[in-house]
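Visitor: Let me give you the structure first, and then I'll get to my questions.
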Amino acid sequence: MWSQKPGTTWRRWQRYWEALLGLVYPPVCQVCRQEPAGPGRGYVGRRCCQQVRWLRPPWCAKCGLPIPGEATVPFECANCRELALHFRYARAAVAADGVVLEVIHRYKYQEALWFEPFLARLLVRAAAGPVQREGWNAIVPVPLHPVRQRERGFNQAHRLAQWLGRATGLPVESGWLERSKPTSTQTLLSRDERQRNVREAFRVRRGAVVSGRRIILVDDVLTTGATTSACALALRRAGAAEVCVWTVARGL
Ligand SMILES: [Zn+2]
Ligand SMILES: [Zn+2]
């Protein structure tokens, strides 16, 4: 098993893994197939990387939606004023469009795991600093329902959370939350339907020591915030002091 703290074992593993991948796959960007890119970059070349849109303030203090122009005081978007979101804030590294959206889809639905270092590095670059400065103390990935996880073979949120755990030294607590209801796919639902669909879908496992903890929820993409808000609600009900959300990408 990979150690959760940054360490030599992990780095050695990573080097072996990269060498192995390098033998199997040609070092070519797997998005455009027209530029060099190796396993260390997650097979995404420099040109494709330059198309990534990093999210920067000013943004909604709650959901992290970037707002045009300048803001001198903390601001909440219309969406967040209407909804009761149960996390303190949600932030994402980049916009879920173009290269990023394509990579996330292929990573999740076509098991293109070689893209993982690319996605993980976006998350770590944006989240590691703030997470450490603000004194959060545990990382919890958004769980998949066991049936969905068996179909997919892995939980992308868990894998990405482990990268953030290694970068920050924070424990990754994948056993704290479980998905008790196999929610249907969210992408075609309206905002209200999504909220109804996920409200009671998560629960904290018996024995999880959540009380008083300041928890970072991790997922690949944030869309309406309904899923992560439902997770945050379950954690808060179990006594978590505070919950924030970090995702690789965000729908705009
Ligand atoms: Zn490329
Ligand atoms: Zn908002």
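Here, each number is a calculation from the coordinates, and none is a lab measurement. Predicted, not measured: the structure shown is a model, and the values here were computed from it. All Cβ positions, even for glycine, are placed from backbone atoms using ideal geometry, and neighbour counts span all protein chains on display.
Visitor: Quick check on the chain: helices-only [θ] at 222 nm, where DSSP H runs of length 4 and up contribute -39,500 (n - 2.57) each and the sum goes over total residues. Nearest 500, please.
Guide: Helix contribution divided over all residues of the chain: -11500 deg cm²/dmol.
Visitor: Could you tell me what a quarter of the Cα convex hull surface of segment 156-252 works out to, in nm² with one decimal place? Numbers along the way, then the final one.
Guide: Details: hull surface 25.3 nm².
Quarter of the Cα hull surface area: 6.3 nm².
Visitor: Tell me the Rg and the Dmax, in Å, that the Cα atoms of segment 142-209 produce.
Guide: Rg and Dmax of segment 142-209, Cα atoms, are 13.6, 38 Å.
Visitor: Rounded to two decimals, what ratio of Rg to Rh does the chain give with C-alpha atoms and a Kirkwood Rh?
Guide: 0.96
Visitor: Hey, got the dipole for segment 190-252? About the Cα centre, +1 on K and R Cβ, -1 on D and E Cβ, debye to the nearest 20?
Guide: The dipole magnitude comes to about 280 debye.
Visitor: Report, in debye and to the nearest 20, how large the dipole of segment 101-165 comes out about its Cα centre when Lys and Arg carry +1 and Asp and Glu carry -1 on their Cβ.
Guide: That gives segment 101-165 a dipole magnitude of about 20 debye.
Visitor: Then there's this: Sort segment 93-213 into rounded, prolate or oblate with this rule: let a ≥ b ≥ c be the square roots of the eigenvalues of the Cα gyration tensor; rounded if a/c is under 1.5, and if a/c is not under 1.5, prolate when a/b is larger than b/c, oblate otherwise.
Guide: oblate
Visitor: While we're looking at this one, here's another question. Mind listing the phi-derived Karplus ³J(HN,Hα) values for segment 235-246, rounded to whole Hz, using 6.51, -1.76 and 1.60 with θ = phi - 60°, and x for any glycine or proline?
Guide: Coupling constants for segment 235-246: 5, 5, 4, 8, x, 4, 5, 7, 9, 10, 10, 10 Hz.
Visitor: Nearest 10 degrees, 0 to 90: what angle lies between the long axis of helix 156-168 and the longest principal axis of the chain (Cα atoms)?
Guide: For helix 156-168, the angle is close to 80 degrees.
Visitor: Quick query: amide H of Y89 versus all other amide H atoms, modeled in the peptide plane; which residues come in under 5 Å with a sequence gap of 5 or more or a different chain?
Guide: V245
Visitor: Evaluate the charge dipole of the chain about its Cα centre and quote only its size in Debye, nearest 20, assuming +1 on the Cβ of each Lys and Arg and -1 on the Cβ of each Asp and Glu.
Guide: 500 debye
Visitor: Let me ask something else about it. Would you mind classifying segment 1-116 by shape? Square roots of the alpha carbon gyration tensor eigenvalues, ordered a ≥ b ≥ c; an a/c under 1.5 is rounded, otherwise it is prolate if a/b is larger than b/c and oblate if not.
Guide: Prolate, because a/c is 1.5 or more and a/b exceeds b/c.
Visitor: I need the trypsin sites (Lys or Arg not before Pro) found in segment 1-101, filtered to DSSP loop residues with at most 13 other beta carbons within 10 Å of theirs.
Guide: Within segment 1-101, the qualifying trypsin sites (Lys or Arg not before Pro) (loop, at most 13 other Cβ atoms within 10 Å) are R33.
Visitor: Compute the Cα gyration tensor for segment 195-252, then decide on rounded, prolate or oblate, letting a ≥ b ≥ c be the square roots of its eigenvalues: rounded whenever a/c is under 1.5, prolate when a/b is larger than b/c in the other cases, and oblate in all that remain.
Guide: Note, shape of segment 195-252 comes out oblate.
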